[in-house]
Amino acid sequence: MNYKLINGVERHKESPETFEIPTKTEIEMLAVDSLVKLGFEEGADEDVVGERMWVVITKIIDGKFEGKLDNDPTQVKAIKAGDSVVFAAENILAIWYGDNSNSNRG
């Protein structure tokens, strides 16, 4: 794994007016097959690239999540659609509440 996940809680603290994240209650209501948006970054210093992508939750154990990347990255090359991603609540940047067809998500 040559990428890191963005910590949404830290980013929200830095810019609460512009960097919104789901509430603790919303995250506690997540279940298997829920879609969440995570932020991926790879590279170092000035060469960091980032991308926000959807992940389908496949497991939730003791507040930790595992999922599968649901779309193909255009910037981050260390991961591809279908790859497994392990993450925590603080990595969740958004939750999808619409239908799960990929064509409807932004």
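The values are calculated or read from the model by the stated rules, or taken from the named source; none is laboratory data. No experiment lies behind these values; they were computed from the predicted model shown. So basically every Cβ, Gly included, is an ideal-geometry build from the backbone, and we count neighbours across all protein chains shown.
Just a few scattered comments:
- Flag for E28 being free of Cβ contacts under 8 Å to residues at least 60 places away in the same chain and either under 17 Å from A94 (Cα atoms) or in contact with a Lys or Arg (Cβ under 9 Å, 6 or more places away or on another chain) (or both): yes
- Boolean, E42 is farther than 18 Å from G98 by Cα, under 13 Å from the mean Cα position of the chain (by Cα) and among the charged types (D, E, K, R): no
- Of the strands (runs of 3 or more DSSP E) lying entirely inside region 12-106, those carrying at least 2 residues that are surrounded by fewer than 14 Cβ atoms within 10 Å (Cβ to Cβ) are 49-61, 84-88.
- Positions within region 65-76 being under 13 Å from the mean Cα position of the chain (by Cα) and not aliphatic (A, V, I, L, M), in sequence order: F65, E66, G67, K68, D70, N71, P73
- Matching residues, region 2-11, being closer than 18 Å to V85 by Cα, surrounded by 11 or more Cβ atoms within 10 Å (Cβ to Cβ) and not aromatic (F, W, Y): K4, L5, I6, N7, G8
- K77, sole failed condition from (1) among the basic types (K, R); (2) within 25 Å of T25 (Cα to Cα); (3) modelled with pLDDT under 95: (2)
- One residue stands out in region 1-11 among those that are among the aliphatic types (A, V, I, L, M) and assigned to a loop (DSSP other than H, G, I, E, B): the one that is farthest from N91 (Cα to Cα), namely M1.
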